[in-house]
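Have a look at the structure below before the remarks.
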Amino acid sequence: MSYANLYEVPGPRGVRRNRVLGAVIALALLGVAYVVYVRFDDKGQWAAEKWTPLLRADVWTTFILPGLAGTLLAAVAGVVLAGLFGLVFAAARLSEHRWVRVPAGAVVEFFRAVPLLLLIFFAFFGSYVLIGGNVSAFAAVVFGLTVYNGSVIAEIIRAGVLSLPRGQSEAAYAVGMRKSQVMRLVLLPQALRAMLPAVVSQFVVLLKDSALGLIVGYDELVDRGLNGIAANFSNVIPAAILIAAIFIVINLSLDRLAHWLNDRRSAGAR
Amino acid sequence: MFGTSRYAVVALLALALTACGSGEETYASIVDKAKNAKKLVVGVKADQPGLGLRTPDGSFSGFDIEVARYVARELGVKAEDVTFKETVSANREAFLQQGQVDMVVATYSINDARKEKVSFAGPYFVAGQDLLVRADEASLTGPEALNGKKLCSVAGSTPAQKVKESYAKEVQLQEERTYSACVDRVLGGQLDAITTDNVILAGYAAQHAGKLKVVGRTFSTEKYGIGLKKDDKQGRDAVNDALEKMFADGSWKKALEGSVGAAGFAVPQAPQLERY
Amino acid sequence: MDALLTEWPTITLAFWMTVKLAAVSAIGSLVLGTALTAMRVAPLATLRGAAGTYVTVARNTPLTLVLLFTGLGVGANLGVELSADIATNNFWLATIGLTAYTSAFVCEALRSGINTVPVGQAEAARSLGLGFVKTLALITLPQAFRAVIAPLGSILIALTKNTTIALVVGVSEASVRMREMIETYGDQVLQIFFGFALGFVVLCLPTGLLFGWLSRRLAVAR
């Protein structure tokens, strides 16, 4: 998307002025970066002994890769279950029956309003009261990721269904489909396709949120990677920069995937 | 659509299986498990240098680890058959109740509330709350000197509150998520001291020898015990026997000196076991 | 219920902290988010690049890490001290972190809002002789804001809930109080959880309803 319609195409003087301004701003940004660099240098944050451990193979195999595996495992389980939860509750909220619609709405609104941290914490400590046994940290994390993101996805899908032209369901009824068939075979697949970008960005949120697993001791990238490395080499900041970079790379690939799916879809539609 | 739900069912099953743990045989006592399975799983801290630390090669090191290995050996389990599993303060009781670990050796203080849920052998160490300060800090000699100073502790722990209530009303408290973060900030000069059990602090002092020191005036007692399944009297007795032997043959002192001694931490007398 | 009743004063105090964090960060995020949006559509490539990079990084980093960077990076290593009192200092550091994170989402929402404004609007403004800043400030952004009120509401709700992560920089708000209470009153976990969950529902539901109503009322008729 270009926003060039917001300003005139600059003439020769404008081009010169823009170049000067651009250079000044670039210099200012570099200046800020330099100040940060110097201040961090004062505190010894760039010292080699804080950074070289991050290049060691055993640091990766012991801390980063197992942590990454934990994060991805929780995220994948969360994505699958949240998707399922979203489909079920979107359909339930669109039901013609009040006794289905209203409770489903209450559940979705409740889980959307409660912080994920509380949900994970509750799953971990409340399970003893509720089911008489403890659940694993993994189950607590996946529970939280599922009900929270599932509720958000339910709303996204519902909005998608509501945005479909009425003719879609009318035509489906006209060919003799039952209510459940209309929903399952006609409305949900279209809504899901239309809302795919929104669903994928929710999955990015889910992946980032799996980092909250550390409060119940789930072995994920922040707990195992960051805390494990920092305990050995006392390099919290360098390790945190590395872990953040890993998250950014994964999320950007997810973003790319969403764009690719979107392009493929619009190509298919044509 | 049907494809989606089939995958979901598989995922649900997988989740249920993980949640229930693998269907391994359960034993009434740690003694039986050691005798029959010849394997033990021990819950330890993974991020505390000198006590329980996961090192880059994947193994664990520290005083708690040495104690766990010694006890396991006395129960008839070889060092290579002991698996260490990370526990955090929030999940130690749960791990024992679920049988995910057979014992917990993780700076685990014995108290009555915990005795409702698990049982304790030991104590194998009596720690006391102390302060960790920069090595060149001469004025901070005890908790009373903290007025107007900035004190770091880990979120959700009570020791810092105690300092404020009983010793230095004017102290400012900073809560961090991990002790490593506290250490970073004390070394950087933004904070003045860290408080928690002396032996934990000694671990950090050893890691940063010459830069940090433990003040050495404890103002509480914390008895570290070995957590076992509740009502495992047989296991408790066996572990206590092992500890008694460890105290007597000098291994206890050696383990302590080897783990946290580098900072000049004075090794105390071995504690009195509290059998029940 | 006993625990919730006896601890009522500390609970309301904790939620008050949640509200303060959310309110201050919301204002900060709106200002910074708008500035970032202006930068992203500006004629200068440097500004566009800087804002784009910032949004990508902030949006894709877990909030836990963003707050860790503000607490340890900005606070401890850059030596930014906003108050001699640790609690106040932490509060401001937490709002900086929450603002840094949330403004990226505000920027994304506003940018899609600009997309909804018909091209003719900006073209008409330019033909009247308005420059970039005036076109954006007087014509495009006001309409863009009115188009994205509902998404901004969702961002505000997310922000309210995200304050629970401020414990990373040592701010004790509602979630910290809940953890402490679960430690102390282990037999009342259910009541404690539902009490705190209800607190967040009370904060978040009206926000959602208000913004839904506002977005319908203020929608630009086309």
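Only the coordinates and a few stated rules stand behind these numbers; no lab work does. Since the model is a prediction, treat every value here as computed from it, not as a measurement. Every residue, glycine as well, gets a Cβ built from its backbone with ideal geometry; the counts of neighbours run over all protein chains shown.
Numbers below:
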read-out	value
Residue among A:L130, A:G150, A:G217 farthest towards the positive dipole end of chain A, charges placed on Cβ	A:G150
Kirkwood estimate for the range A:70-218, i.e. one over the average of 1/r between Cα atoms, Å	16.2
For C:T46, C:T70, order by how many other beta-carbon atoms lie within 10 Å, fewest first	C:T46, C:T70
Positive-end residue, the protein assembly as shown charge dipole about Cα centroid, Cβ charges, pick of A:L54, C:G153, B:G50	C:G153
Net charge contributed by nearby residues that have their C-beta within less than 13 Å of A:L221 (K/R +1, D/E -1)	-2
Assigned charges on the beta-carbon of Lys, Arg, Asp, Glu; the range C:17-173 dipole about Cα centre (debye)	460
Cα long-axis angle, helix B:63-74 against chain B (0 to 90 degrees, to the nearest 10)	40
Percent antiparallel among DSSP beta bridges (both partners in the protein assembly as shown, rounded to 5)	60
Cross-link partners of A:K208 among aspartates and glutamates (Cα-Cα below 18 Å; sequence separation of 8 or more within a chain)	A:D219, A:E220, A:D223, A:D255, C:E108
Exposure proxy order (Cβ contacts within 10 Å, fewest to most) of C:K161, B:K38, A:K50	B:K38, A:K50, C:K161
Two-decimal Rg/Rh across the protein assembly as shown, once Rg and the Kirkwood Rh are taken from alpha-carbon atoms	1.00
Relative contact order (%) - criterion: Cα under 8 Å, at least six apart; region: the range A:70-218	35
The range A:34-80, dipole about Cα centre (Lys/Arg Cβ +1, Asp/Glu Cβ -1), debye to the nearest 20	60
Where GluC sites (Glu not before Pro) in DSSP loops with at most 13 other Cβ within 10 Å are excluded, longest remaining stretch of chain B	B:171-273
Coil-residue trypsin sites (Lys or Arg not before Pro) of the range B:158-203, DSSP, other Cβ within 10 Å capped at 13	B:K169
Centroid-to-centroid separation of the range A:183-212 and the range B:224-260 [C-alpha atoms, Å]	53
Ascending count of other beta-carbon atoms within 10 Å, so fewest first, for B:H208, A:H259	A:H259, B:H208
Around C:G208: net Lys/Arg minus Asp/Glu count, Cβ-Cβ under 10 Å	0
C-alpha long axis of helix A:65-93 to longest principal axis of chain A, angle in °	30
Unit charges on C-beta of K, R, D, E only; dipole of chain B, Debye	220
Partners for B:K169 among lysines (Cα-Cα distance below 23 Å; same-chain residues under 8 apart left out)	B:K149, B:K150
Charge dipole of the range B:28-150 about the Cα centre (unit charges at C-beta), most positive-ward option of B:L75, B:A28, B:I65	B:A28
